[in-house]
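Structure, as structure tokens:
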Amino acid sequence: MSNLKKFEEATFDQEVLQAEGPVLVDFYADWCGPCKMMAPVLHEIATTYAERITVGKLDVDVSGGIAMRYGVMGIPTLGVFADGRLVDRLVGYPGPTGVKEFVERNARPAAVAETDAGKSNPVH
């Protein structure tokens, strides 16, 4: 099962802007070829980086208001949100390595993620 979430306009503020830790949002559309190429990379990132960043998709054809709010003019666009605001973006599909480098730059450091994970699941 994938950790990849599906974001929608009605719940975007709660699920993304009010989230603890960084959130990676893939602004995409079903008809977008490069978006389809990026999909397997995002599924992998959602699993590999599960403790360091929340990953989800937002269909711009369904939730166009959110895309407009953040100035998404082309897809695919990856947006990283932290502390209630957009902090970084990547427009286009730079290949798997480029996407992973973008995520690595924006995810919580591994040591911090492990420490935070330990706090939420104390061992007695």
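The values are calculated or read from the model by the stated rules, or taken from the named source; none is laboratory data. Because the structure is predicted, anything quoted here is derived from the model rather than measured. Virtual Cβ from ideal backbone geometry, glycine too; neighbours counted across all protein chains shown. The accessibility values were calculated without ligands, DNA or RNA, using every heavy atom of the protein model including side chains. Shrake-Rupley method; radii C 1.70, N 1.55, O 1.52, S 1.80 Å.
From the square roots a ≥ b ≥ c of the eigenvalues of the alpha-carbon gyration tensor of the chain, which class results: rounded (a/c under 1.5), prolate (a/b over b/c), or oblate?
prolate
How much solvent-accessible surface does Leu86 expose, in Å² to the nearest 10, with a 1.4 Å probe and all protein chains in place?
50
With every protein chain kept in place and ligands, DNA and RNA left out, what is the accessible area per residue of the chain? Probe 1.4 Å, answer in Å². Let's see the in-between values first.
Numbers: 6960 Å² over 124 residues.
Spelled out: the 1.4 Å probe surface of the chain, per residue, equals 56 Å².
Would you work out the charge dipole size for the chain about its Cα centre, treating the Cβ of every Lys and Arg as +1 and the Cβ of every Asp and Glu as -1, and quote it to the nearest 20 debye?
Dipole of the chain, to the nearest 20 debye: 180 debye.
Could you work out the local net charge near Lys6, counting Lys and Arg as +1, Asp and Glu as -1, over the other residues with Cβ closer than 13 Å to its Cβ?
Cβ neighbours under 13 Å give a net charge of -4.
Report Rg(Cα)/(2.2 N^0.38 Å) for segment 54-96, keeping two decimals.
In units of the 2.2 N^0.38 Å rule of thumb, it is 1.14.
Nearest 500 deg cm²/dmol is fine: what mean residue ellipticity at 222 nm does the chain get from its DSSP H runs of n ≥ 4 alone, each adding -39,500 (n - 2.57), divided by its residue count? Write out the running numbers ahead of the final one.
Numbers: 4 runs with 45 residues, N = 124.
The per-residue figure over the chain is -11000 deg cm²/dmol.
Which percent, to the nearest 5, of DSSP beta bridges fully inside the chain are antiparallel?
55
Loop-only check: which GluC sites (Glu not before Pro) in segment 1-100 are DSSP coil with at most 12 other Cβ within 10 angstrom?
Here the GluC sites (Glu not before Pro) that fit, given the DSSP loop and packing criteria, are Glu20.
Which percent of the accessible heavy-atom area of the chain goes to carbon and sulfur, probe 1.4 angstrom?
Working: 3730 of 6960 Å².
Here carbon and sulfur together make up 54 percent of the probe-accessible area.
For Ala50 and Thr97, compute 0.36 nm times the residue count separating them, minus their Cα-Cα distance, and round to one decimal in nm.
So the extension gain works out to 15.1 nm.
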